[in-house]
Structure formats: C-alpha cells, structure tokens
1. Just to be sure I understand the filter: pairs with C-beta atoms under 8 Å, separated by 6 or more residues or on different chains, first member in segment 26-48 and surrounded by 13 or more Cβ atoms within 10 Å (Cβ to Cβ), second member at pLDDT 80 or above and hydroxyl-bearing (S, T, Y). Which pairs pass?
2. Give me the residue from segment 43-63 that is at pLDDT below 95 and among the hydroxyl-bearing types (S, T, Y) and, out of that set, nearest to K85 (Cα to Cα).
3. Residue under question is Q66, and the condition is that it be on the phi < 0 side of the Ramachandran plot and modelled with pLDDT under 90; does it hold?
Amino acid sequence: MAVYHWVVTLTLAALLVVDREVPVAAGKLFFSRMPICEHMVESPTCSQTSNLVCGTDGVTYTNECQLCLTRIKTKQDIQITKDGKC
C-alpha cells in the first residue's frame, strides 16, 4: 500500500512540474504533421483538387501536393499545421 501511495505522489508531482512548463496564457499548443511527398520524385505535377492545408510557414496551400512542391523548391522543412485555411 505504501508503494501505491508513493507512485501516486510521484505521478502527481510530475504532472505539476509539466504543468508549470506550459503557462496557461501561452496561447494555442502547436502540433504539425509531415506531408506525404514521396510520390513527388516520380511525378512533380499536382492535381487542381482543392483540399486546403495550412503550412508551418503560415501559407494556405491548395492541397498537400502544392505544399510538397514548395518544400522541394525552397528546400524548407514546411509541415502541415492543420487542414483548411491558416
């Protein structure tokens, strides 16, 4: 039983430490995902289908393929922050 209480105490302490590292007023949390660009090596053309994605560079791209083209041309690590407009 003492071990259980100790584990609970350590878990709560860890949560408090993590909570302090992210201030409440920090704004939105930021997560991104890598676009799938492997197919771009064989065929660097994109369809005109509109499936908007927002890049980590703050630009709204027509689709993931357009973002991949920009990644290739600029050699920047642009990722997708969300689907839709920025």
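1. So the pair list comes out as S32/T56; S32/T81; C46/T62.
2. By that ranking, first place goes to S50.
3. Working: on the phi < 0 side of the Ramachandran plot: yes; modelled with pLDDT under 90: no.
Taking the combined requirement at face value, the residue does not satisfy it.
The values are calculated or read from the model by the stated rules, or taken from the named source; none is laboratory data. All values reported here derive from a predicted model rather than from experimental measurement. All Cβ positions, glycine included, derive from the backbone under ideal geometry; neighbour counts span all protein chains shown.
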